[in-house]
Every structure is written in structure tokens, then in C-alpha cells.
Amino acid sequence: MLHHMYRLSELCRRRWQVTRSGLNAKVVDVVPGALGAIWIRIYDTHQIAEVANIGDVVTDFYTELYGVLAWKPVDAMTFVNKPSEAWGIARYNDYRDLEKKPVLDTMRRAFDGLATLL
């Protein structure tokens, strides 16, 4: 899922002929969470999300499983380093909008939002 999100972002960047910071400027306010999802994919996907306690997080998707996969807060991921580049900081800050929210809902919203910008 994160891989396809990244590929879509690269398609947008190439069509618009912009740099990473140019992509950030076009996407950050229009599609919340998209840049955060693109940024967090550089880490191990098994460490960036966790199954939330039942009742803590509710999703719009029925998965036939108990519990919902939710994004971990940055503070809980000791392996995460805050980026030093301006474009990286924008993506890092956008991830903060995803924290503790259901992965499926936020990814679907971000992917669809990015796809509509094409």
C-alpha cells in the first residue's frame, strides 16, 4: 500500500515537473496525510503501525479481524530521526496528522486525494 502511494507521488511529481519540495507545496494543504505516508515508508512497515485496542480506534472498513491497525506516534518510534531538509520536515509534520488514526481510512483518503490531483 505504501509502495503504491509512493509510486503515485512520483507520477504526480514527474507530470508536474517539480522537485520534492514542489510536490510538498502542491499537496500538503490539499491532501492531509499523503506526504506523511510517503515519508514513513522509508522505515520498516512492521514498526510504524500497531493493532489498536478494541474501541480505541474505529475504521470505516470491515476486515473480519478484531482490532484496527493504527499509525504509531512518532514519539513511540525511537528509530525515527527528524529530517533536516525543509521538504523532509514538511513530510514529518504531515505524518503527525496520521498518528493514532486507522491506517486503512487515512491511506484510502490520501491515495484518492493524490489521484484526483492528477
Ranked by GNM mean-square fluctuation in the chain (Cα springs under 10 Å), the top entry among ARG15, ARG41, ARG91 is ARG15
Choice from THR78, THR106, THR59 with maximal GNM fluctuation in the chain (Cα, 10 Å cutoff) = THR78
Find the Rg to Rh ratio for the stretch 1-83, where Rh is the Kirkwood radius over alpha-carbon pairs and Rg uses the same atoms.
-> 1.02
Residue by residue through the stretch 70-82, which ³J(HN,Hα) values in whole Hz follow from phi under the Karplus form 6.51 cos²θ - 1.76 cosθ + 1.60 (θ = phi - 60°), with glycine and proline marked x?
-> 10, 5, 6, x, 4, 4, 7, 10, 5, 7, 7, 10, 5
Please report, in debye to the nearest 20, how large the charge dipole of the stretch 6-78 is about its Cα centre when each Lys and Arg carries +1 at its beta carbon and each Asp and Glu carries -1 there.
-> 660 debye
Scan the stretch 1-77 for GluC sites (Glu not before Pro) in coil per DSSP, keeping those whose Cβ has at most 13 other Cβ atoms within 10 Å, and list them by number.
-> GLU64
Order of SER21, SER9 - criterion: other Cβ atoms within 10 Å of each residue's Cβ, fewest first = SER21, SER9
Rounded to the nearest Å, what's the spacing between the alpha carbon centres of the stretch 1-64 and the stretch 83-118? Just the number, please.
-> 4 Å
Looking at the chain, which longest stretch skips every one of the chymotrypsin sites (Phe, Trp or Tyr not before Pro) that is in a DSSP loop with at most 12 other Cβ atoms within 10 Å, leaving the sites themselves out?
-> 1-60
May I ask you to compute the full-extension gain from THR45 to LYS26, defined as 0.36 nm times their residue separation minus their alpha-carbon distance, rounded to one decimal in nm?
-> 4.2 nm
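No lab work stands behind these numbers, since they all come straight from the coordinates. Computed from a predicted structure; not experimentally measured. Please note: Cβ atoms are built from the backbone with ideal geometry, for glycine as well, and neighbour counts cover all protein chains shown.
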